[in-house]
Structures are given as structure tokens and as C-alpha cells.
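Participant: First, the structure itself, so that you have it in front of you.
The values are calculated or read from the model by the stated rules, or taken from the named source; none is laboratory data. Model, not experiment: these values are computed from the prediction. Don't worry about glycine lacking a Cβ; one is built from the backbone with ideal geometry, like all the others, and counts go over all protein chains shown. Note: areas computed on protein heavy atoms with side chains; ligands, DNA, RNA excluded. Shrake-Rupley method; radii C 1.70, N 1.55, O 1.52, S 1.80 Å.
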Amino acid sequence: MTMQPTYSFIVPVFNEEATLPELYRRLSTVMDSMDGSVELILVDDGSRDRSLQLMRDLHERDRRVCYLSFARNFGHQIAVTAGLNFVRGQAIVVLDADLQDPPELIPPMAAKWRQGYEVVYAQRLQRRREGWFKRFTAYVFYRLLHQLADVDIPTDTGDFCLMDRRVVDALNAMPERNRYIRGLRSWLGFRQTAISFERDPRFAGEVKYTFRKSLALAIDGLVSFSRVPLRISTYLGLFSAAIAILMAILIVYWRFFSPVSPLTGFATIAVAIFFLGAVQLFSIGILGEYIGRIYEEVKNRPLYTLGEVAGFGSGDALRSPRSMNGLKEPVS
Ligand code: UDP
Ligand code: MG
């Protein structure tokens, strides 16, 4: 594709051989109906099934389809980041491969963009037939994040959104490697609006966001956008100090006015030691989360390594390491 497309769709793909054909079928209908040209960027996040082969076939069949392939699994947020580094469109849509983000929502999003909104994000009304555990943890997490975060991150909003070129340029210029994209998107500002939808169940295949990955994402979001957890250690410290003072007063009181002190003995000491140990380890853990992230930032490694790139014209060979840093990408 030599001409710059109007729209770019980015889809992160990790072991999605079961959903890709149907995804393409539904997306291509939407692509045909758009009021401008479209490129579809599939980002293979180190899939171990036939996803990459299917992507190659799609690229052969339909030149609007381009793809990037990571040398290993780097995670969903990084896959989206890579797609954003490579887009050429004026309006950029990010959606999941499993059809939980219905492609038919894209034309209404584009209509909002035409009205002048720079970010149109999709907000979930319901999660149909997702397990109660996922629904419950997601519910609690989004509200907690909303409470604690420095920026106003809308609840029940994932990465499914449309962004104007200016927003994507700003995102690409953000140097941090800890990429909680829905948070960064809110941090940027711009004219944002929501469009609500009912989240369908996954079309096929298994959930690729294991509980561990979801938890890691949740902690990333909290730590990247809030310093409240750091303050928790301060509060806990103050709380234990208050208890210690209270106990000291009680002990002195009992020593002088009470024949037997109820506060002596092994059990009391053991509980106190465990309590203080817990408070200290907990605080060190929180510190560790922040320091670990500082370490990640300082190392300044590339965000991802590319194996295969197709559909982006002359520069399809490996790009320069700088372009893989999630830094601004000059697209030729
Ligand atoms: N995904 C990815 N890398 C990963 C995990 C997931 O690119 O390590 C992609 C996956 O292929 C899908 C999207 O991220 O397109 C969302 O994953 P999933 O549907 O499993 O998670 P959930 O619906 O629970 O958010
Ligand atoms: Mg899903």
C-alpha cells in the first residue's frame, strides 16, 4: 500500500488461530463499509500456533492486511504499542482478536471522530458469560483504580478505542516502557468521548490473559498511575506506632495498678513480632514494585524484537532498534 490509509485497525494476536478467519470475515465487511481506505495491522505476539501462517495467507489475499511478528511473547500492551509505532492512518482503532470487541462498533466510533472527537473509547455495559470471578475482580479493580489514580481513568474501559493521529503520535512519543495504554490514553487528555457496548463472549479459543497476566496488568495500572500504595506504608507505620504507644501506657498502668498483667507471655510477643514483620515486608514489597519499575525504565531495552514484518513497503526488513523502543516512529 503506497497511499496513506484513512483508517488503521490494530489487532494484537496471541495464539488466535481459532478466531482469525472469523475476525477477518467480520472485519473485512466493516473495512469495505468505511468512508475511507483502511489498513489492518495484525501484531503477532509470539504465537505458537498457526496464527502467523494465517496472517501471511491473509496478507497474500488482501493487501490491506499488514502484519508484524514478535520474536517471542511480549504481552498484549506491548503488541498494541508496536502496532501504534507502525500505523499510517489518520484514525487508529485498537481491538482484540477474539471478537469480544465487536468490529461493527467501528463505524459509529468513526462517526464520532468525524464530529471532532480525538479519542472514542468503548465502555462495557455488560460482560456476557464471562466467569463471575473475572467480572468481580474487574469490577473491583476498575473502581479501585478510579479512586486511586492521579488521572481520571474511566471505569470498565479496555483498550478498544479509536484514536486520532495526534493522540497516537503523542502516545508514541511517551518514553516509558511500562505501557498501561488505557491509562496513558487518559493521561494525554484531548477530546474524549465514550460509546457503550455489551461485551460479547470470546468467539473461540481460550482466554490468553491468564489470571497471572491480568494481575500483572492490574498492578502495572495502579503503580503507574498512583502513588497511594507508597503512602500505605506510611499509614501502616503510624498505625503500628499508635498501637505501640497504647500498649506501653497499658503495661505501665497494669504494672502499678493491677495484680496480674494480662499482657505478659509468649503469645503476645509472638503476635507483635509477626505483625511488625508483616508490616515491614508489605512495605518493602510496595517499594519493590516502584523500584523494579525504575530499574526497567533505566535499562532502556527495546520494548520488543521483531521477527517478520510485511505490508509496510520498502522498510519491511528489521527496523532500527530505535524504532522498536516505542519512541517516535518515522514511517516511510
Ligand atoms: N493477547 C496478546 N498477548 C498476550 C495475551 C493476549 O496479544 O500475551 C491478545 C489476544 O490475542 C487478544 C487480546 O490480547 O487479542 C485479549 O486477550 P484475551 O481475549 O485473552 O483477554 P481478555 O478478553 O480476558 O481481556
Ligand atoms: Mg478476550
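Participant: Looking at region 117-137, is at least one residue closer than 23 Å to VAL228 by Cβ and either away from ligand 1 (no atom under 14 Å from the Cβ) or more than 16 Å from the chain's Cα centre (by Cα) (or both)?
Facilitator: Taking every residue of region 117-137 in turn, at least one turns out to be closer than 23 Å to VAL228 by Cβ and either away from ligand 1 (no atom under 14 Å from the Cβ) or more than 16 Å from the chain's Cα centre (by Cα) (or both).
Participant: Let me ask you something else. Filtering region 204-218 down to residues that are surrounded by fewer than 16 Cβ atoms within 10 Å (Cβ to Cβ) and more than 23 Å from VAL140 (Cα to Cα), which residue is nearest to ligand 1 (Cβ to nearest atom)?
Facilitator: GLU206
Participant: Which residue pairs have Cβ atoms under 8 Å apart, sit 6 or more places apart or on different chains, and have a first residue in region 254-270 that is within 16 Å of ALA244 (Cα to Cα) and a second that is in a loop (DSSP other than H, G, I, E, B) and at pLDDT 80 or above?
Facilitator: Between residues of region 254-270 that are within 16 Å of ALA244 (Cα to Cα) and residues that are in a loop (DSSP other than H, G, I, E, B) and at pLDDT 80 or above, there is no close pair.
Participant: Collect the residues in region 158-173 that are in contact (Cβ under 8 Å) with a residue 40 or more places away in the chain and either among the aliphatic types (A, V, I, L, M) or within 12 Å of ligand 1 (Cβ to nearest atom) (or both), keeping them in residue-number order.
Facilitator: In the first step, residues of region 158-173 are kept if they are in contact (Cβ under 8 Å) with a residue 40 or more places away in the chain; the result is 158-169, 171-173.
Passing the criteria: GLY158, ASP159, PHE160, LEU162, MET163, VAL167, VAL168, LEU171, ALA173.
Participant: Could you list, in sequence order, the residues of region 27-71 that are in contact with a helix residue (DSSP H, G or I) (Cβ under 6 Å, 6 or more places away or on another chain) and among the acidic types (Asp, Glu)?
Facilitator: The answer is ASP44, ASP45.
Participant: Checking GLU130 against (1) under 20 Å from ARG25 (Cα atoms); (2) charged (D, E, K, R); (3) within 16 Å of ligand 2 (Cβ to nearest atom), only one condition comes out false. Which one?
Facilitator: (1)
Participant: Separate question: Go through the residues of region 216-239 one by one and say whether even a single one is away from ligand 2 (no atom under 16 Å from the Cβ), within 17 Å of GLY158 (Cβ to Cβ) and not in a helix (DSSP H, G or I).
Facilitator: no
Participant: Also, quick follow-up: Which ones in region 18-32 are among the basic types (Lys, Arg) and touching a residue at least 12 places away in the same chain (Cβ under 8 Å)?
Facilitator: ARG26
Participant: Please identify the pairs in which a residue from region 284-304 that is hydrophobic (A, V, I, L, M, F, W, C) has its Cβ atom under 7 Å from the Cβ atom of a residue that is outside any helix (DSSP H, G or I) and open to solvent by less than 90 Å² (accessible area, probe 1.4 Å), counting only partners at least 6 apart or on another chain.
Facilitator: If the second residue must be outside any helix (DSSP H, G or I) and open to solvent by less than 90 Å² (accessible area, probe 1.4 Å), the pairs left are LEU303/ARG177; LEU303/GLY326.
Participant: I'd like the full set of residues that are in a helix (DSSP H, G or I) and either touching a Cys at 6+ places or on another chain (Cβ under 9 Å) or within 16 Å of TRP113 (Cβ to Cβ) (or both), limited to region 182-215.
Facilitator: Residues satisfying the conditions are ARG182, ARG185, LEU188.
Participant: Go through region 139-169 and report how many residues are open to solvent by less than 30 Å² (accessible area, probe 1.4 Å) and within 20 Å of GLY89 (Cβ to Cβ).
Facilitator: 8
Participant: Just to check your reading of the model, which residue among LEU105, LEU99 is within 16 Å of ligand 1 (Cβ to nearest atom) and out of contact with any Asp or Glu (no Cβ under 8 Å at 6 or more places or on another chain)?
Facilitator: Criteria check complete, one pass: LEU105.
Participant: Being at pLDDT below 80 and either hydrophobic (A, V, I, L, M, F, W, C) or exposed (fewer than 14 other Cβ atoms within 10 Å of the Cβ) (or both) is the filter here; which residues of region 125-138 pass it?
Facilitator: GLN126, ARG128, ARG129, GLY131
Participant: How many of the residues making up region 219-243 are touching a Pro at 6+ places or on another chain (Cβ under 8 Å) and surrounded by fewer than 16 Cβ atoms within 10 Å (Cβ to Cβ)?
Facilitator: 0
Participant: If I go through region 180-203 residue by residue, how many of them are open to solvent by less than 40 Å² (accessible area, probe 1.4 Å), more than 16 Å from ligand 2 (Cβ to nearest atom) and among the aromatic types (Phe, Trp, Tyr)?
Facilitator: Count: 1.
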